[in-house]
Amino acid sequence: MKLGSKILLLSLSPFLPAVPDLIASPASEAAAHHHDFQGEAEGIVVGRFAEGTTSFGEAGRLRAAGPAVDSDTLFEIGSITKVFTGILLADAVLKGKATLDDPVSKHLPADLLHAGSPLHGITLLDLATHTSGLPRLPSNIEKGADPKDPYAHYSVARLHDCLREIGESDLQKRGETSYSNLGMGLLGYLLERISEKPYEALVRETLFEPLGMGSSFVQRRPGDIPSSETDRFATGHSGGKETPHWHIDALCGAGAIVSSAKDLMAFAAAHLSPETPGTLREAMALAATPQRGAVGLGWFVGREGLQHDGGTGGFRSELRISLADKTAAARLMNGTGSSAPSESRGDFTALTGYWQGVLDTGGAKLRLVLRIAQDGRVVLHSLDQGAVGMPAHQAIHEEGTFRAVFSAIGGSFEGRIDGGTLSGTWKQGGSLPLELTRQETMPEPMREALSKRASGDLSPLHGYWSGFLGGKAGLFVVLEIEAFDGSGEARLYSPDQTPEAMPVTKLSFDGSQLTLSLDSIQAAYAAELDSDGKLSGGWKQGLLPLPLSLTKSPTMPKREETNGGPDRERRTP
């Protein structure tokens, strides 16, 4: 099963762009995030670079009963590793060891691929820009995996086995931007062969040592962390529960780096400093140059500058660099999802309906809609990002003040209602004013966006549907389907893995037949609503389909309620 590919080396893109350089200082930003989204055993370190000076803000702890986090605390940075891999490629190109147009096969063992392998047509540039068409994860990553450390077993031999079996049908998104951990992991492996050095030695010599990143290392195998550093390595958490560290072997170029806020900000500042060694500065500039659309070599390049996020089982990280403004910001956290219980509190009668406004971030103006139900359910839709709904983790309306917390993106809105206006502040890093006005009906742009993703009368399916992939021993999943105002949408939860929701890309219900797809994890589900009110069908993700039967409930079910037994240990892959 590959359901976990949503969080395996997750590259998080904020639902809304963070605004770390506006009102909040690093200290107040860290304190606010820790207060709203973390438990006492979790922590966050915020770094800021502006006007040639780096500052930090910290809140929380490394672990339960542990010391406070600080700028030297070590965090898994997950997919931000891909940025380092892109710079290593740029460095190899500038030194004449490779070209961006080199085919993958040029740097693989000569007898590995058969003559008709489509990998002969895939280039290093394709890998670095996520346009190779390779799937998000290798087809054989699940075999022999430890659910708590899902990449540790994945050796070069397994990678070779995967590459031998890749056919044209595996490259359906060739030429499109399709995020691939396999592709970037493969690139890291190829750079090892090009340089004739292990990835950890290559990144240390090329980047860590020249930039003074003395705390950073590559965590491929247990024991890779220097013994002198174990006390300052934070413990990861998911939904408030401790998680083991991840070790990433053959695919280390996709997400194996461990670093500190101090080191990561030194890396960011090096992009803006004339004192950075000339060859390295050139490699950084090449990696930061858009190559395919808005993607450079590892970097995502937007109006606000360079950006990449990362995540492993219990860590989240964010890095932003503005070359134009000569500023940078980073956030490192040893927690995913909110530790606080989900709740709705207060009387929402006066707020029920749609509230629309524009959030002016300075770099973009985003049209937002809050959908508020009488029972206190609040969903945020960004019309400029497909109108995908983001449910609030907490919603409170008391003493005239309304507050909604969106833990999955580290954002919140707080305001007061005055007639047809809801005025307040959006917080996500920094703070921005946001005024929303009541809409009598669903805004037309929102209806149009939802109609592209959902079709058919969804009202018979409204609610929560839960079951186990492949049977009771399988992964517990919950499908939430919402029907409202003749429209609707759906999202999938994998409570064993993460509290975060995965949006359903397309959903159709025709008669008794349900079909849906989730592009983010390259999965699909087809089922029939039977006479007993159950959805019975097959889940397709990877090579083999799995049976999946779902039972309806009016509220979010828990594993123990569905399985009739105690909650099992959290599973990652």
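Within the range 240-272, if we keep just the residues that are of a type outside the set (A, V, I, L, M, F, W, C) and assigned to a strand (DSSP E or B), the residue that is surrounded by the most Cβ atoms within 10 Å (Cβ to Cβ) turns out to be 260.
Here residue 460 meets the list (1) over 28 Å from the mean Cα position of the chain (by Cα); (2) open to solvent by less than 20 Å² (accessible area, probe 1.4 Å) almost entirely, failing just condition (2). Among the residues making up the range 186-209, those that are β-branched (Val, Ile, Thr) and either out of contact with any His (no Cβ under 8 Å at 6 or more places or on another chain) or closer than 23 Å to residue 136 by Cβ (or both) are 203, 206.
Can you pull out the residues in the range 273-303 that are open to solvent by 20 Å² or more (accessible area, probe 1.4 Å) and in a loop (DSSP other than H, G, I, E, B)?
Hits for the range 273-303 are 273, 274, 275, 277, 289, 290, 291, 293, 294, 303.
Restricted to the range 39-57, and to residues there that are acidic (Asp, Glu) and surrounded by fewer than 22 Cβ atoms within 10 Å (Cβ to Cβ), the residue that is nearest to residue 236 (Cα to Cα) is 40.
For residue 562, indicate whether it is over 12 Å from residue 477 (Cβ atoms) and either in a loop (DSSP other than H, G, I, E, B) or at pLDDT below 90 (or both).
No: the conditions fail for residue 562.
Of the strands (runs of 3 or more DSSP E) entirely within the range 354-408, those holding at least 2 residues that are within 23 Å of residue 344 (Cα to Cα), open to solvent by less than 30 Å² (accessible area, probe 1.4 Å) and touching a helix residue (DSSP H, G or I) at 6+ places or on another chain (Cβ under 7 Å) occupy 365-372, 401-406. Taking the range 149-229 as the region of interest, the helices (runs of 4 or more DSSP H) fully inside it that hold 3 or more residues being among the aliphatic types (A, V, I, L, M) and under 23 Å from the mean Cα position of the chain (by Cα) are 181-195.
Within the option set 338, 412, being modelled with pLDDT under 95, assigned to a loop (DSSP other than H, G, I, E, B) and surrounded by 16 or more Cβ atoms within 10 Å (Cβ to Cβ) holds for one residue only, 338. Taking residue 498 as the residue in question, decide whether it is among the hydroxyl-bearing types (Ser, Thr, Tyr), touching a residue at least 40 places away in the same chain (Cβ under 8 Å) and open to solvent by less than 20 Å² (accessible area, probe 1.4 Å). Yes: the conditions hold for residue 498.
The single condition among (1) within 21 Å of residue 309 (Cα to Cα); (2) touching a Leu at 6+ places or on another chain (Cβ under 8 Å); (3) of a type in the set (Phe, Trp, Tyr) that residue 179 does not meet is (2).
Among the residues in the range 467-478, are any under 22 Å from residue 382 (Cα atoms), at pLDDT below 95 and open to solvent by 10 Å² or more (accessible area, probe 1.4 Å)? Among the residues of the range 467-478, not one is under 22 Å from residue 382 (Cα atoms), at pLDDT below 95 and open to solvent by 10 Å² or more (accessible area, probe 1.4 Å), which makes the answer no.
Could we say that residue 235 is at pLDDT 95 or above, out of contact with any helix residue (DSSP H, G or I) (no Cβ under 7 Å at 6 or more places or on another chain) and among the hydroxyl-bearing types (Ser, Thr, Tyr) here? Considered against the rule, which asks whether it is at pLDDT 95 or above, out of contact with any helix residue (DSSP H, G or I) (no Cβ under 7 Å at 6 or more places or on another chain) and among the hydroxyl-bearing types (Ser, Thr, Tyr), residue 235 comes out as yes. In this structure, does residue 65 turn out to be aliphatic (A, V, I, L, M), surrounded by fewer than 24 Cβ atoms within 10 Å (Cβ to Cβ), farther than 30 Å from residue 199 by Cα and at pLDDT 95 or above? For residue 65, the condition - aliphatic (A, V, I, L, M), surrounded by fewer than 24 Cβ atoms within 10 Å (Cβ to Cβ), farther than 30 Å from residue 199 by Cα and at pLDDT 95 or above - is not met. For first residues located in the range 53-72 and farther than 13 Å from residue 334 by Cα and in a strand (DSSP E or B), partners that are among the hydroxyl-bearing types (Ser, Thr, Tyr) and at pLDDT 95 or above and lie 6+ apart or on another chain with Cβ distances below 7 Å form the pairs 56/71.
Among the candidates 227, 169, which residue alone is at pLDDT below 95, among the polar types (S, T, N, Q) and within 30 Å of residue 63 (Cβ to Cβ)?
The conditions single out 227.
Determine whether residue 255 is over 30 Å from residue 446 (Cα atoms), modelled with pLDDT under 95 and either within 20 Å of the chain's Cα centre (by Cα) or polar (S, T, N, Q) (or both). When the stated conditions are applied, residue 255 does not pass them.
Figure legend. Inter-residue proximity from the range 24-51: first residues under 16 Å from residue 320 (Cα atoms), second residues among the basic types (Lys, Arg) and open to solvent by 20 Å² or more (accessible area, probe 1.4 Å), beta-carbon distance below 7 Å, spacing 6+ or different chains. Indicated pairs: 26/48.
Could you please let me know if residue 259 is closer than 18 Å to residue 311 by Cα and out of contact with any Asp or Glu (no Cβ under 8 Å at 6 or more places or on another chain)? Spelling it out, residue 259 is indeed closer than 18 Å to residue 311 by Cα and out of contact with any Asp or Glu (no Cβ under 8 Å at 6 or more places or on another chain).
Residue-level analysis places residue 106 outside the set of residues that are farther than 24 Å from residue 315 by Cα, open to solvent by 50 Å² or more (accessible area, probe 1.4 Å), part of a loop (DSSP other than H, G, I, E, B) and modelled with pLDDT of 95 or more.
Say we look at the range 304-321 and pick out the residues that are open to solvent by less than 60 Å² (accessible area, probe 1.4 Å) and over 17 Å from the mean Cα position of the chain (by Cα); which of these is farthest from residue 175 (Cα to Cα)? Checking each candidate, the answer is 321. Looking only at residues of the range 114-148 that are in a loop (DSSP other than H, G, I, E, B) and polar (S, T, N, Q), we find that the one that is surrounded by the most Cβ atoms within 10 Å (Cβ to Cβ) is 132.
Screening residue 322 with (1) in contact (Cβ under 8 Å) with a residue 24 or more places away in the chain; (2) farther than 19 Å from residue 59 by Cα; (3) out of contact with any Lys or Arg (no Cβ under 7 Å at 6 or more places or on another chain) gives one miss only, at (1). Taken over the range 9-46, the criterion of being modelled with pLDDT under 70 and over 26 Å from residue 379 (Cα atoms) is satisfied by 9, 21.
The values are calculated or read from the model by the stated rules, or taken from the named source; none is laboratory data. What you see is a predicted model; the values in this text were computed from it and never measured. Don't worry about glycine lacking a Cβ; one is built from the backbone with ideal geometry, like all the others, and counts go over all protein chains shown. For the accessible areas, the whole protein counts, side chains as well, though only heavy atoms, and no ligand, DNA or RNA atoms are used. Shrake-Rupley method; radii C 1.70, N 1.55, O 1.52, S 1.80 Å.
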